[in-house]
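The next block holds one structure in the form of structure tokens; read it before the comments.
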Amino acid sequence: MEAVLRTEHLTKTFGNKAAVNDVSMTIEKGDISGFIGKNGAGKTTLMRLVLNLIFPTSGTIELFGESKLTKANLSRTGSLIEAPTLFLNCSARENLKRFAILYGADNNDIENVLKEVDLTGTGNKKAGKFSFGMKQRLGIAIALLGNPDFIILDEPVNGLDPEGMKEIRDLILRLNREKGTTFLISSHLIDELSKVVTKYGIIRDGVLVEEISAENLKKKCTHTLKITVDNVDGAKALLSAAYGNDCVSVDGGTVVISDHNDESAEINKKLFESGFSVSGIETAATDIESYFIEMMGGEL
Amino acid sequence: MGRLIRYELRKLFSSKLLYIITAIFTTRTVLQAIVLAFIENSSISMLVNSSLYGFFALYVLFVGAWIAPTFISPDYSSGGILPNVVSRGYSRIQVFLAKYISLIVFHVFAFVVSSAIGIIVGLPLVRDMSGTVMNSMQLDRLLKMFIACFATLSLQVLFSVACRIKSAVFFSILSTNPFLALIVCFLPFFSPNGRFIPWLSKFIMDWYVPFAYIKVIISNAFEQIGAASVIKVDFSYLVISSIIMFALSFGGSIWVVSRKEISK
């Protein structure tokens, strides 16, 4: 698989503090990679480094196979970092027209991206009078202009209502599916992120503590039933025969069964009919959020 | 680079400020042309000279210090538009050069429009249409004014890329402040012994281009009213000092922008 972005031992220090510390990562073509970390963890700094907005203290960045950030590879990259930077005294269309000159886009592109972010009806209204969500949409439209192959979005759904979030999510998935666009997205909204990303990067204090695919994460975040029963071994044998060995285990005085939480009544009935005395069933879940919080060593 | 210049020019010509400043320059040249109607021996030479020189006088005294900071500084300040440009692969130096070129276009536009309108309005009003429009000395001085204006602009650009907008405006005004220049010019009169300060004053007025430039404007004004002997202007340093100031300011700006990190 072709790597769109590869960093090797990337470090950025401000004074004595390492905002990004020895980060080595790879984003492959077609990935929707999500960055997760607390405020100040280094997500935005890492994105700024990739976009040549700030310079690395050490390490390398390889973009589209080139070891230097050049016009050739950066022009294939669209971005929205933190708050969108707009011409506040211009309409959405005029904003896009100005950037279209730089990005080599034409009027059709402008109309398309306006449609994509649902800003066609804003007419001559100045961007300065837009709501935060509308500004965010315009920022995303600018990132999409010129059909970039790689799009970096920092907190893209900030300020959007649930409907707006869904539209942006659908847009990301559609561009990824139809055009093969690669995304790097950061967000505090883990639930929202989990609906689109194929790969996660967890950043803590500037260090990339884990890169994990969405598939592997799903495996780690299983939902379990903990059953307190008089005969643990007998109950394990019974449930293993019914649901398979892989999802049944014993933890102290309880039988643990994964991924069958919605069948608790049936399991209880099965145990009761087989003569077991069930004194308690509790559900337990390691959800994605709990997993990330644990990885980051505290609250988000 | 072509796209960057087109982008900057689109921004520039969509800006109300361009037209407001051009209107201010034009109003001045038109008023001056009207004044010529009341001068008994007004000539075509006076009209052309006042229209052309007037730009420089108004530029330094009132308007110039605002232009570069207003057009350049916001892009280099927090929340500026620069991330959208640099992140698409345009180098910081290319971005700066495009801004610089568009700023020159701005000045040429304001100069040409205001001078042309002033001359057109003044033509029917001047009494004497004969004689030379501009002699070689006046032309030479005009060219030197251009060079000095260019150097002054470069200094203002340096402040604009290095500072946030308010500081840029402050330093820009301070650096080209005519009242400060007058104080420096007249320091010899306040000197207790009359020896050291005259030398320092002359040195600053000769080599610090914005002040030398003001001296030229003042001397030109005295010449217009027939009192040329009041201020003797030594033009010999103006070109070389302008070149030095341009090189330092332009080089300084390139140095600043090429190292500028866009962290907010």
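So for the stretch A:119-138 (the condition being in a loop (DSSP other than H, G, I, E, B), of a type in the set (S, T, N, Q) and at the interface with chain B (Cβ under 9 Å from one of its Cβ atoms)), does at least one residue qualify?
Scanning the stretch A:119-138 turns up no residue that is in a loop (DSSP other than H, G, I, E, B), of a type in the set (S, T, N, Q) and at the interface with chain B (Cβ under 9 Å from one of its Cβ atoms).
Within the stretch B:112-138, residues that are more than 19 Å from B:Phe38 (Cβ to Cβ) sit with their Cβ atoms under 6 Å from residues that are not in a helix (DSSP H, G or I), at 6+ positions apart or across chains, in these pairs: B:Gly131/B:Ser43.
Results for (1) in contact (Cβ under 8 Å) with a residue 24 or more places away in the chain; (2) in contact with a strand residue (DSSP E or B) (Cβ under 6 Å, 6 or more places away or on another chain), shown as yes or no for each residue.
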| position | (1), (2) |
| --- | --- |
| A:Asn245 | no, no |
| A:Val256 | yes, yes |
| A:Asn261 | yes, yes |
| A:Lys270 | yes, no |
| A:Gly275 | no, no |
| A:Val278 | yes, yes |
| A:Ile281 | yes, yes |
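Looking only at the stretch B:210-264, residues that are under 20 Å from B:Leu143 (Cα atoms), charged (D, E, K, R) and either part of a helix (DSSP H, G or I) or modelled with pLDDT of 80 or more (or both) come to 2 in all.
Between B:Leu82, B:Leu47, the distinction of being within 30 Å of A:Ile54 (Cβ to Cβ), touching a residue at least 12 places away in the same chain (Cβ under 8 Å) and not charged (D, E, K, R) belongs to B:Leu82 only. Within the bounds of the stretch A:202-212, is there any residue that is aliphatic (A, V, I, L, M), in a helix (DSSP H, G or I) and crowded, with 16+ Cβ neighbours inside 10 Å? Within the stretch A:202-212 (the criterion being aliphatic (A, V, I, L, M), in a helix (DSSP H, G or I) and crowded, with 16+ Cβ neighbours inside 10 Å), the answer is no, since none of the residues qualifies.
Is it true that some residue in the stretch B:71-83 is within 30 Å of A:Phe99 (Cα to Cα), touching a strand residue (DSSP E or B) at 6+ places or on another chain (Cβ under 8 Å) and within 14 Å of chain A (Cβ to nearest Cβ)? The answer is yes; a qualifying residue exists. Looking across the stretch A:61-73, the residues that are part of a loop (DSSP other than H, G, I, E, B) and not aromatic (Phe, Trp, Tyr) come down to A:Gly65, A:Ser67, A:Lys68, A:Leu69, A:Thr70.
Screening the stretch B:9-27 for residues that are of a type in the set (Ser, Thr, Tyr) and within 18 Å of B:Asp75 (Cβ to Cβ) and picking the one that is modelled with the highest pLDDT gives B:Ser14. Residues in the stretch B:1-15 that are part of a helix (DSSP H, G or I) and more than 9 Å from chain A (Cβ to nearest Cβ): B:Gly2, B:Ile5, B:Glu8, B:Leu9, B:Leu12, B:Phe13. Looking only at the stretch A:74-84, which residues are closer than 14 Å to A:Tyr103 by Cβ, within 7 Å of chain B (Cβ to nearest Cβ) and not in a strand (DSSP E or B)? Scanning the stretch A:74-84 gives A:Leu74, A:Ser75. Applying the criterion of being of a type in the set (Ser, Thr, Tyr) and surrounded by 18 or more Cβ atoms within 10 Å (Cβ to Cβ) to the residues of the stretch B:20-44, the residue that is farthest from B:Phe222 (Cα to Cα) is B:Thr22. Filtered by the rule that a residue be hydrophobic (A, V, I, L, M, F, W, C) and facing another protein chain (nearest Cβ under 8 Å), the stretch A:87-104 gives A:Phe87, A:Cys90, A:Phe99, A:Ile101, A:Leu102. In this structure, A:Glu263 does not satisfy being of a type outside the set (A, V, I, L, M), within 35 Å of the chain's Cα centre (by Cα) and under 30 Å from A:His9 (Cβ atoms). The residues of the stretch A:231-253 that are part of a helix (DSSP H, G or I) and of a type in the set (Gly, Ala, Ser), listed by number, are A:Gly234, A:Ala235, A:Ala237, A:Ser240, A:Ala241, A:Ala242.
The values are calculated or read from the model by the stated rules, or taken from the named source; none is laboratory data. The model shown is predicted, which means the values in this text are computed figures rather than measured ones. Positions of Cβ are backbone-derived with ideal geometry, glycine not excepted, and every protein chain shown enters the neighbour counts.
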